[in-house]
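We did not get these values from a lab; they are worked out from the coordinates using the rules stated. All values reported here derive from a predicted model rather than from experimental measurement. A quick note on method: Cβ atoms are made from the backbone with ideal geometry, for glycine too, and the neighbour counts reach across all protein chains shown.
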Protein chains: 2
Amino acid sequence: MTTPELSQRIIAAALDQFGRLGFDAASTRDIARASGVAMSSITYHFGGKQGLYLACADQIAVVIGAVHRPLMDAIEADPPRTPQDARAGALALLENFARFMLAPESEIHCQFIVREQQHPTEAFERIYEHMMSPVLETATALLAIALPHRDERERRALVISLVGMAIVLRVGRACVARVLRVDDIDAQTADFLLASLRRSALTLLTED
Amino acid sequence: MTTPELSQRIIAAALDQFGRLGFDAASTRDIARASGVAMSSITYHFGGKQGLYLACADQIAVVIGAVHRPLMDAIEADPPRTPQDARAGALALLENFARFMLAPESEIHCQFIVREQQHPTEAFERIYEHMMSPVLETATALLAIALPHRDERERRALVISLVGMAIVLRVGRACVARVLRVDDIDAQTADFLLASLRRSALTLLTED
DNA sequence: GTCTATACTACGATAGAC
DNA sequence: GTCTATCGTAGTATAGAC
């Protein structure tokens, strides 16, 4: 590719539009305008609106994958052997994810993904395969060490609940602020939420 | 109103379109077609696309409000006095909500709400005020009885986590199925998820 | 490889018949 | 109160100049 940055600029603008508005409501005109290129360049580089959408899905997998990469690598390089270590690893993975859910950057990514979750298309498949599956299976493996006496299916359900505790910080953002009686979720409130989440998760990860 | 059912038919079709596609992508033409009326009837009854959108928000508040009504009434009629009773009430409220999240009807409602949560408009305000706020504050009050020694702010954060554990069953539906290695979430899988959720919630609601 | 120009379809709103 | 007809705008895709 002679101008790799141009494709990236289009994808960035497209991700913003697709995330905020969804596939149908997003307009290639606006995306072209926002990225400062002609509309026909989208056709040239991505074959059309659909192709651009899939390129956005790949981009999401890369970006959110990078969020988890350092921790995932550390866990793989030095796999936990004791329940205590596994619990600490799972907590770190969850806190890392929750921190991303609280960050502004996760907004468009999450809206994109939540939409895809309801009726998954090829776009979801790519995101799941390249980003979600590795993280979720790592979490499941950590829980197998942390909670050896529990049924595998129970552990998988627990992974889902833990993910939910983090994901609500993004998808229920307006409710979170109102329930805590704050105008918006500032850094201080975010730290409090993370600490509280950590406490609850620790409770759930401690074998009775 | 001489034909109250016609407005309802339009709202039903609109909710489906707005929920699935969002405000911009939904088309009043399609809504009119789906409900079997002329497009101009929407203008007549709701003043335009925006008015119809707000009518859908009110409808959501009514429908999801009705889901919680029986339990809310029972709790108000006979307020729990012991931590055990309060815990049971909170668990019942959560399970009721989670069951709705697993039901197909919640799909469009939730998509509508999640979109509104990111950048709340008048529509979110109506849903929050008439439906969410009463339920969330009831839950908070129950937790105040169940966990008297904990800080009020901690209890509110816990309410958020509990909601997250239920809400992920809807917004993360595709992931839930994949993590549990099932093709779709049938009645049996749903029961298992609810039982597992109940167990985790009980753990979190038991004072250490 | 990027542009301009254009073909074709669909959008929301409104006017006016009945 | 519901319809049909129409206006002005904006959507995607494509053809062809450079």
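For the reader, a short list of remarks on this structure follows.
- Residues B:Arg173, A:Arg153, ranked from the fewest to the most other C-beta atoms within 10 Å, line up as A:Arg153, B:Arg173.
- Rg then Dmax, both in Å and based on the Cα atoms of chain B: 19.2, 62.
- Relative contact order %, chain B, counting alpha carbon pairs below 8 Å whose residues are six or more apart: 24
- Of the DSSP H helices in chain B, those whose Cα atoms cover at least 20 Å axially and whose Kyte score averages -1.0 or more: B:4-25, B:49-77, B:83-102, B:152-171, B:187-205
- Cα gyration tensor shape of the protein assembly as shown, rounded if a/c is under 1.5, else prolate or oblate by comparing a/b with b/c: oblate
- Per residue, the convex hull volume that the Cα atoms of the stretch A:130-208 enclose (Å³): 108
- Candidates A:Arg181, A:Arg155, A:Arg20: whichever shows maximal mean-square fluctuation once chain A is modelled as a Gaussian network with Cα springs under 10 Å: A:Arg181
- Rounded to the nearest 20 debye, the dipole size of the stretch A:1-122 about its Cα centre is 280 debye, using +1 on the Cβ of Lys and Arg and -1 on the Cβ of Asp and Glu.
- Note on the stretch A:73-123: Kirkwood hydrodynamic radius from all Cα pairs is 13.2 Å, rounded to one decimal.
- Our compactness index for the stretch B:91-174, the C-alpha radius of gyration over the empirical 2.2 N^0.38 Å, is 1.15.
- Check: the protein assembly as shown dipole with +1 on Lys, Arg Cβ and -1 on Asp, Glu Cβ, in debye: 400
- Partner shielding of B:117-124 amounts to 4, given as the average count of beta-carbon atoms from other chains within 10 Å of each residue beta-carbon.
- For the stretch B:1-55, a Kirkwood hydrodynamic radius built from all Cα pairs, placed in the Stokes-Einstein relation at 10 °C and 1.306 mPa s, yields a translational diffusion coefficient of 147 µm²/s.
- Diffusion constant of the stretch B:1-117 at 4 °C, which comes from Stokes-Einstein with the Kirkwood Cα-pair radius and 1.567 mPa s, µm²/s: 81
- Shielding by other protein chains, B:93-106, mean Cβ within 10 Å: 0
- Candidates A:Glu154, A:Glu116, A:Glu125, ranked by Gaussian network fluctuation over chain A, Cα under 10 Å, top entry: A:Glu154
- Rounded to the nearest 20 debye, the dipole magnitude of chain B is 420 debye, with +1 charges on Lys and Arg beta carbons, -1 on Asp and Glu beta carbons, and the Cα centre as origin.
- Among A:Met131, B:Met39, sorting on how many other beta-carbon atoms sit within 10 Å of each Cβ, with the fewest leading, yields B:Met39, A:Met131.
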